[in-house]
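The values are calculated or read from the model by the stated rules, or taken from the named source; none is laboratory data. Keep in mind the model is a prediction, meaning the values are calculated, not measured. Positions of Cβ are backbone-derived with ideal geometry, glycine not excepted, and every protein chain shown enters the neighbour counts. SASA here: full protein model, heavy atoms, side chains in, ligands and nucleic acids out. Shrake-Rupley method; radii C 1.70, N 1.55, O 1.52, S 1.80 Å.
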Amino acid sequence: MDADRDLLSVSLEMDLEWRYASGESMERFLLGVGAGRLEAVRCGVCGRRYLPPRPFCGVCRVRLDDWVPVADAGTLEAWTVVHLPILDGRTGEMRPSPYGMGLIRLDGADTTLNHYLDTADPSRLTIGSRVRAVWREDRRGAMDDILHFEVLS
Amino acid sequence: MNPIAVIGTGQTKHSKARLDVSQPELIREAASAALQDADIGPDDIDAVVISNMEMFEGRAFPELWAGEGAYAFGKPCVKVATGGTSGTSACIAGFHQAASGEFDTVLVVGFEKHSEGHTQTGMALVDPFWDRAVASGALGNFALSISQYMAERGVTEEHAAQVAVKARRNAANNPNAHLQMPDLTVDDVLASRMLAEPLHLLDMCPQSDGAAAIVVASEETARRRGSQAAWVRAATTRHDQPYLGDLDRRLVTMRALRDAAQAAYTRAGITDPLREFDIAEIYEPASYAELAWYEALGFCKEGEAGRLITEGVTAMDGELPVNPSGGVLSTNPVGASGVIRVAEASAQLLGRAGAHQVAGAATALATGYGVYAWSDVIVMRTEKP
């Protein structure tokens, strides 16, 4: 090995396709999102209302099937503005920067939702602010049917 | 658990791109250094554990094709991958193998060659329905948690920058470290490019090429060899829930790290960590993380982390030197980073840490941190159990 010398190398490119099953709880949730409706699933033991919905409460180790409505407005619990483009893990395209990101506790949920924030006026981003979802017109039943959240005055 | 000890460690020179070696050659560099340090030969190794985030390099089965770099032919060889905790989890797996009595001497090797792959792609291949649609990467996720931590605990950008400076200055005394910046200042950190508010470029760990290895031995072998040994007194792991939003103000609460630390301290009889540990090698992927870990690891009361860094309590000449090696902030080949923490803690107890040796170190802490909140905590002593 010669630390001063770069070895012969090979460059590879791949274009691949994957297909993932959603699971019953994620399917129900996303069909609701496509209809402009948000739901959480509540644990019958600890009472925690989970968003995203999921088949089990990992803490209580029980199945979840008690659905409860969640508002599309809530409280901003954390925020940042990211100044680097981010790779979209679905398309391989880059999401341009800067963009706002928040943790939002929607009214009716106990977990927080990570989602994009409207950064037209970054000075309005403060922990505790009330925020509301801005929905896409042509919804497809995916998390980005919500474009981002905007701060309410 | 039968008593076990680390009797040797080895590391490569870590850097941005090790274009002079293939992945197996990189592994061999660390593995052979560890064997030499332990003064044993390849035939003395009974089992091998490999740690690597293979999604980062896009090359499957490192336990197969890279195994021979770790002398694995004809021996049990398994791969351990648990995000950032991969390296510490691999060490703990090696501890369990040696402690079981089934294997006498175990080689643990962690490696990553970020220069050969797409780290951001590996990080982006998360939940296809939820997180991929609303991604902000490791950087954005960390920044979100930091905004909560700063608001609740009064930590400032200056406190964080002091951590970044300490790490890179310590690294200047570690010939293996990737980023060595002996003249770095708080102003330099604050003036570096903003990545995700409040995280500046120099608040973050680099991506490195590198490998690290440890040799774990049974009590009999460690004693028979008559050499010094770094005895493993406790090793605990805690994993938290799967989504970022599941974790309540995670840097404030750090449930997994607190729980793992409490269990390890109870097992090892640690009641006053700041006073009882002589050195700590903790897994801090960002400057702010080190401050949050101070609180979760019980080095100080809640809200006092800023005071600890400002008063130099965790500096090389402080009461508890934290990351004399320069830490993850200076060197981060992810699959190796946890092994580096254990190797560095062990080298300190063996008195073989060179220019960054903490004189007389007898009790050491090593931690791992993975994904959002997975935590490994390892307590080691020069004193046999």
Q.
When you check A:Arg132 against the structure, is it open to solvent by 20 Å² or more (accessible area, probe 1.4 Å) and in a loop (DSSP other than H, G, I, E, B), yes or no?
A. no
Q: Filter region A:1-59 for residues that are among the aliphatic types (A, V, I, L, M), in contact (Cβ under 8 Å) with a residue 12 or more places away in the chain and assigned to a loop (DSSP other than H, G, I, E, B) and give the result.
A: A:Ala35, A:Val45, A:Leu51, A:Val59
Q. Restricting attention to region B:190-197, does a residue exist that is touching a residue at least 60 places away in the same chain (Cβ under 8 Å) and assigned to a helix (DSSP H, G or I)?
A. no
Q: Scan region B:221-250 for residues that are at the interface with chain A (Cβ under 10 Å from one of its Cβ atoms) and of a type in the set (A, V, I, L, M, F, W, C) and report the count.
A: 2
Q. Can you tell me how many residues in region B:156-194 are within 14 Å of another protein chain (Cβ to nearest Cβ) and surrounded by fewer than 24 Cβ atoms within 10 Å (Cβ to Cβ)?
A. 5
Q. Of all residues in region B:201-220 being touching a residue at least 12 places away in the same chain (Cβ under 8 Å) and within 14 Å of another protein chain (Cβ to nearest Cβ), which is most open to solvent (accessible area, probe 1.4 Å)?
A. B:Gln207
Q: With respect to A:Val81, determine if the residue is within 12 Å of another protein chain (Cβ to nearest Cβ) and at pLDDT 95 or above.
A: yes
Q. Is it true that B:Ala261 is away from every other protein chain (no Cβ under 13 Å) and in contact with a helix residue (DSSP H, G or I) (Cβ under 8 Å, 6 or more places away or on another chain)?
A. yes
Q. In region B:256-270, which residue that is within 20 Å of the chain's Cα centre (by Cα) and not hydrophobic (A, V, I, L, M, F, W, C) is most open to solvent (accessible area, probe 1.4 Å)?
A. B:Gln262
Q. So, of the residues in region B:136-145 that are facing chain A (nearest Cβ under 7 Å) and open to solvent by 20 Å² or more (accessible area, probe 1.4 Å), which turns out to be farthest from B:His200 (Cα to Cα)?
A. B:Gly137
Q. Can you tell me which residues in region B:8-34 are within 13 Å of chain A (Cβ to nearest Cβ) and among the polar types (S, T, N, Q)?
A. B:Thr12, B:Ser15, B:Ser22, B:Gln23, B:Ser32
Q) How many of the residues making up region A:102-153 are within 8 Å of chain B (Cβ to nearest Cβ) and of a type outside the set (A, V, I, L, M, F, W, C)? A) 7
Q: Identify, from the list A:Ala109, A:Ala78, the residue that is within 15 Å of the chain's Cα centre (by Cα), surrounded by 19 or more Cβ atoms within 10 Å (Cβ to Cβ) and assigned to a loop (DSSP other than H, G, I, E, B).
A: A:Ala109
